[in-house]
Structure formats: structure tokens, C-alpha cells
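Q: Mind looking over this structure? Questions follow.
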Amino acid sequence: MTQFATRGVVYIHSAPSALCPHIEWAIGGVLHAAPNLQWTEQSAQSGSYRAEFSYVGDAGTAAAITSALRGWEHLRFEVTEEPTPSTEGARYCYTPHLGVFHAVTGLHGDIMIPEDRLKAAVVKAALGETTLELEIDRLLGRAWDDELETFRYAGDGAPVRWMHKVV
């Protein structure tokens, strides 16, 4: 099987300063290269820092980075991965309160919801268990977007650094 390289971006939206070197170590373990992130103050949360960088690696790198970082308190992040000829794209979001959200993304970054999940949402709404609007919001990760939005805007204009996975 041929493995295709993909590109992605890691957005560390907020982390306390004591956690920053551990984040670099965890990401470096996945990429097999030290990322040397450029940390800047996160204006949305006093005492926290943010960083972002782009990477090139095998398909699945975003999942591996997310696995390496998930579960850490006081950390908010997102990881994206572009599709390849043999894989879909991906978007992962993490907040301490909500945990991990994962979505498959298309060529232009849109979330692609599988047919069976849409059908299940319609059935749940028809049975009165929920509303279709709430189910679609859940499928699109709205709770994560709502929590992360303040942190995203606070990072406008931040530098982006490219990293390549050493194979």
C-alpha cells in the first residue's frame, strides 16, 4: 500500500507556560523532530500561551498528535489534516471540558457527515428525543466551536511555522 504525505496545522489555543515544553516534546515524538514552537501570550486567558505550526507527514498524523495531547488539563487545541488521494481529511478539537471532537473533512475543509449519522439524527428528532437542529449542531461540533472561538480570534496574526515529519 502506498502511503501519501499530507499537510496539516496544529493550533495550540491555550496552555499554561509549565505545559508548553511538554506539548513540544509530545508533538516532537509524533513528528520525529522537535517543533520548536513560537509561543505567544494568549490574550483570551491570562497566564496562558498559544502557538501554531504547519506540518507535513503521513496520513493519520493529526490523529497521532491529538492522541499525544488529549486529556491534558488547561490545554485547548485543534489539529487539521488535508485529504490525500487515498484518505479523507480530518479535524480534531480538544477542550478540557468537552474532550475530543473528530470530524471527517472534504477537500475544502467542510465537515462531511456520514449518511448513517444523518439518518440517526433524523430518527432521534422524529421520536422526540431531540431536535434536528441540536443533532446537527452535535454532528458539526458546535459546542467545541463555541468554546474555542474566543481563543481563535485571540490568535489572529500569529506566526505559522512549517514542520516536516522525518521518516
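Bear in mind that the values in this text are calculations on the coordinates, not laboratory data. Here the structure is a predicted model, which means the values were calculated and not measured. Every residue, glycine as well, gets a Cβ built from its backbone with ideal geometry; the counts of neighbours run over all protein chains shown.
Q: Please rank R76, R7, fewest neighbouring Cβ atoms within 10 Å first, as an exposure proxy.
A: Ascending number of Cβ neighbours within 10 Å: R7, R76.
Q: Treat every Asp and Glu Cβ in the chain as -1 and every Lys and Arg Cβ as +1, leave all other atoms uncharged, and give the resulting dipole magnitude about the Cα centre to the nearest 20 debye.
A: The dipole magnitude comes to about 360 debye.
Q: Just one of [x] 105; [y] 133; [z] 121 is volume of the Cα convex hull per residue in Å³ as worked out from the coordinates here. Which one is it?
A: Step by step, volume of the Cα convex hull per residue in Å³ for this structure corresponds to label [z].
Q: Bin by bin, in steps of 10 Å, what percent of the Cα pairs in the stretch 51-137 do you find, going until the bin that has the longest distance?
A: 16, 37, 32, 14, 1
Q: Then there's this: When a footprinting reagent is the concern and you count Cβ atoms within 10 Å, what order do L139, L132, L75 take, fewest first?
A: Starting with the residue having the fewest Cβ neighbours, the order is L132, L139, L75.
Q: In percent, how large is the relative contact order of the chain, given Cα pairs closer than 8 Å and 6 or more residues apart?
A: The normalised contact order for the chain reaches 28 percent.
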